[in-house]
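The values are calculated or read from the model by the stated rules, or taken from the named source; none is laboratory data. Quick caveat: nothing in here was measured; it's all calculated off a predicted structure. Because the Cβ atoms are built from the backbone with ideal geometry, glycine has one as well, and the counts that use them run over all protein chains shown. For the accessible areas, the whole protein counts, side chains as well, though only heavy atoms, and no ligand, DNA or RNA atoms are used. Shrake-Rupley method; radii C 1.70, N 1.55, O 1.52, S 1.80 Å.
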Amino acid sequence: MAEGKGRTTFKEVFGVAEFRAMWFGELLSVFGDQLARVALSVLVFRSTSSATLTGLTYALTFAPSLLGGIFLSGLADRFPRRAVMVAVDLTRTLLIAAVAIPGLPFWAMSLLVAGVSLLNPPFKAAQLALLPQVLTGDRFVVGMGIRNMTIQSAQLIGFGGGGLLIATVDPHIALLIDAATFTLSALCIRFGLAARPAAVSKEERKPFFSSIGQGGKLIFGNSTLRVLVLFTWVMGMLPVYEGLAAPYASAFSGGSQAVGLLLASDPLGSVIGVFLFTRWVPEPVRPKLTGALSVLAAVPMLMCFFSPGLVWSVLLFILSGALGTVALMQATASLTLAVPDEQRAQAMGLSNTGMTTVIGLSPLVGGLLADHLGASRAVGVFGVAGLVLTIPLALAWRKSRATHHEWVVSGATSTGPA
């Protein structure tokens with residue numbers, strides 16, 4: 001980002017000490033999570049010799065987060081967000097450390113792993129709700145971009161490094177390493193972030209389940225917020241090619257190396273897209289591009305109807321990943337700024353929960369289509385679905401953009417959309 005043009009630089013964002021603490025803590029946690037997923041898969045398969053139980057354990061690292069997103073995200077509005085993040089990290093430390101106990105029964109391991117997944121959403125909701133207070137103005141979107149790039153990189157390194165590490169050390173040790181990353185993350189947050197009061201005072205707190213319902217009404221009762229949430233959900237649907245990588249590669253007799261290249265294409269595109277978007281696109285222009293980028297993200301997938309080979313497929317998925325990730329990032333940033341602070345964590349938790357659900361279901365639907373049409377054509381069908389869904393959303397966002405801009409500029413987000 002050129003200094004002379006007055007745009008926010010990565011250096012300027014990293015110059016904010018609180019952001020550095022949040023960023024480094026998250027980086028540690030993401031790497032540890034990916035490492036733990038590899039370790040758990042190996043550990044369960046060694047002890048049970050069951051592919052079904054191994055798959056169930058892996059699913060438990062994701063599935064309970066749906067419940068956590070709905071029922072626990074609001075804790076980050078009711079209590080100080082720094083305290084919520086620290087408490088979640090320390091609890092996850094204890095749970096993962098318990099999983100690492102040798103000889104632990106499978107049922108106990110499953111409960112502990114599910115507990116870790118259940119706690120992920122309130123941490124993420126607190127983090128996203130707190131970030132606009134740490135990074136103001138253009139720094140916020142650039143900071144979101146930095147987070148996205150480093151998370152994608154940490155996931156790739158975590159999976160790759162996890163496989164190498166598990167080959168040389170006991171999986172129990174890898175789990176203890178994951179537990180240690182949560183402890184370090186808690187220390188970064190506790191001593192790197194300033195203390196802030198809860199977004200909702202004790203006097204203003206509504207009954208717990210009532211607040212959950214209010215978060216849903218806030219999002220879906222307002223056309224602008226509803227469009228932004230639906231953008232994020234559709235972008236979660238598009239990377240179905242990741243879940244179909246193995247059958248997709250087999251269509252042109254590709255082996256494990258081809259599968260690896262297909263899996264790496266979307267994260268690589270994400271890093272490239274976010275870097276270019278935050279570095280070269282001016283702040284006032286970014287929200288205007290959300291709709292167009294969402295539509296364009298589906299277009300490369302249409303080429304899969306023509307059964308492209310490995311090289312073209314990788315290039316198409318890099319392009320789709322770049323466009324889709326940027327659209328997702330900007331929609332999330334716009335949603336975060338448009339939601340009142342006292343309901344921000346609950347709203348972001350519900351938004352992320354819906355996106356996680358879509359991410360989990362799209363490979364299942366894609367697999368069913370692939371069994372009948374072939375993996376390449378199944379990806380093409382998802383491209384068509386993406387266009388059908390994003391075009392009306394883009395038109396609706398064009399009408400709502402002015403309202404969103406007025407909320408942000410006037411400071412109306414502190415009290416909520418009118």
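Any chance you could count how many residues in the stretch 278-314 are more than 23 Å from the chain's Cα centre (by Cα), in a helix (DSSP H, G or I) and surrounded by fewer than 21 Cβ atoms within 10 Å (Cβ to Cβ)?
Filtering the stretch 278-314 for residues more than 23 Å from the chain's Cα centre (by Cα) gives 280, 282, 284-285, 302-313.
After this cut, where a residue has to be in a helix (DSSP H, G or I) as well, the list is 280, 284-285, 302-306, 310-313.
If we keep only those that are surrounded by fewer than 21 Cβ atoms within 10 Å (Cβ to Cβ) too, we end up with 280, 284-285, 302-303, 305-306, 310-312.
Going through the stretch 278-314 one residue at a time, the tally reaches 10.
Please verify whether T61 is crowded, with 16+ Cβ neighbours inside 10 Å and at pLDDT below 80, treating the condition exactly as stated.
Details: crowded, with 16+ Cβ neighbours inside 10 Å: yes; at pLDDT below 80: yes.
Yes: the conditions hold for T61.
Does the stretch 68-80 contain any residue that is more than 24 Å from Q133 (Cβ to Cβ), more than 19 Å from the chain's Cα centre (by Cα) and open to solvent by less than 40 Å² (accessible area, probe 1.4 Å)?
Going through the stretch 68-80, the residues more than 24 Å from Q133 (Cβ to Cβ) turn out to be 70-71.
Keeping just the survivors that are more than 19 Å from the chain's Cα centre (by Cα) gives none.
The answer is no, given that none of the residues of the stretch 68-80 is more than 24 Å from Q133 (Cβ to Cβ), more than 19 Å from the chain's Cα centre (by Cα) and open to solvent by less than 40 Å² (accessible area, probe 1.4 Å).
If you scan the stretch 245-277, which residues turn out to be open to solvent by less than 30 Å² (accessible area, probe 1.4 Å) and among the polar types (S, T, N, Q)? Break it down stepwise before answering.
First pass over the stretch 245-277, keeping only residues open to solvent by less than 30 Å² (accessible area, probe 1.4 Å): 245, 248-249, 254, 258, 262, 265-267, 269-270, 273-274, 277.
The answer is S265, S270.
Please verify whether A347 is assigned to a helix (DSSP H, G or I), small (G, A, S) and open to solvent by 10 Å² or more (accessible area, probe 1.4 Å), treating the condition exactly as stated. Break it down into steps so the answer makes sense when it comes.
On the way: assigned to a helix (DSSP H, G or I): yes; small (G, A, S): yes; open to solvent by 10 Å² or more (accessible area, probe 1.4 Å): no.
No.
Got at least one residue in the stretch 152-165 being at pLDDT 90 or above and either crowded, with 20+ Cβ neighbours inside 10 Å or within 19 Å of the chain's Cα centre (by Cα) (or both)? Full working, then the answer.
Keep residues of the stretch 152-165 that are at pLDDT 90 or above, which gives none.
No: zero hits.
I'm trying to understand the selection: among the residues of the stretch 209-234, which are within 16 Å of D77 (Cα to Cα) and touching a residue at least 12 places away in the same chain (Cβ under 8 Å)?
S211, I212, Q214, G215, G216, L218, I219
Given the conditions (1) under 21 Å from the mean Cα position of the chain (by Cα); (2) within 30 Å of P340 (Cα to Cα); (3) open to solvent by less than 10 Å² (accessible area, probe 1.4 Å); (4) in contact (Cβ under 8 Å) with a residue 60 or more places away in the chain, and given that M237 satisfies all but one, which numbered condition is not satisfied?
Of (1) under 21 Å from the mean Cα position of the chain (by Cα); (2) within 30 Å of P340 (Cα to Cα); (3) open to solvent by less than 10 Å² (accessible area, probe 1.4 Å); (4) in contact (Cβ under 8 Å) with a residue 60 or more places away in the chain, only one is false for M237: (3).
Is one or more of the residues making up the stretch 198-212 modelled with pLDDT of 80 or more, loosely packed, with under 13 Cβ neighbours inside 10 Å and either more than 30 Å from P392 (Cβ to Cβ) or of a type in the set (V, I, T) (or both)? Don't jump to the end; show me each part of the working.
So in the stretch 198-212, the residues modelled with pLDDT of 80 or more come out as 198-201.
From the residues that got through so far, the ones that are loosely packed, with under 13 Cβ neighbours inside 10 Å too are 201.
Now narrow it down to the ones that are either more than 30 Å from P392 (Cβ to Cβ) or of a type in the set (V, I, T) (or both): 201.
Yes, there is a match, as at least one residue in the stretch 198-212 is modelled with pLDDT of 80 or more, loosely packed, with under 13 Cβ neighbours inside 10 Å and either more than 30 Å from P392 (Cβ to Cβ) or of a type in the set (V, I, T) (or both).
So, in the stretch 96-107, exactly how many residues are in a helix (DSSP H, G or I), in contact with a helix residue (DSSP H, G or I) (Cβ under 8 Å, 6 or more places away or on another chain) and surrounded by fewer than 20 Cβ atoms within 10 Å (Cβ to Cβ)? Before you say what the answer is, go through the steps one by one.
Here is the first cut: in the stretch 96-107, the ones in a helix (DSSP H, G or I) are 96-99, 106-107.
Pick out the ones that are also in contact with a helix residue (DSSP H, G or I) (Cβ under 8 Å, 6 or more places away or on another chain) and you get 96-99, 106.
Cutting the leftovers down to surrounded by fewer than 20 Cβ atoms within 10 Å (Cβ to Cβ) gives us 97-98, 106.
Adding up the residues that qualify gives 3.
Listed residues V384, V388; which is at pLDDT 90 or above, over 22 Å from the mean Cα position of the chain (by Cα), aliphatic (A, V, I, L, M) and open to solvent by less than 80 Å² (accessible area, probe 1.4 Å)? Steps first, please.
Working: V388 fails: open to solvent by less than 80 Å² (accessible area, probe 1.4 Å).
Selected residue: V384, the only one of V384, V388 that is at pLDDT 90 or above, over 22 Å from the mean Cα position of the chain (by Cα), aliphatic (A, V, I, L, M) and open to solvent by less than 80 Å² (accessible area, probe 1.4 Å).
Show me the helices (runs of 4 or more DSSP H) found entirely inside the stretch 217-273 where at least 1 residues are on the phi < 0 side of the Ramachandran plot and among the basic types (K, R).
On the way: elements: 223-237, 240-243, 245-250.
Result: 223-237.
Quick grid of which residues meet (1) farther than 26 Å from V13 by Cβ; (2) of a type outside the set (S, T, N, Q); (3) touching a residue at least 24 places away in the same chain (Cβ under 8 Å):
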site	(1), (2), (3)
F317	yes, yes, yes
T336	no, no, yes
A345	no, yes, yes
T353	yes, no, yes
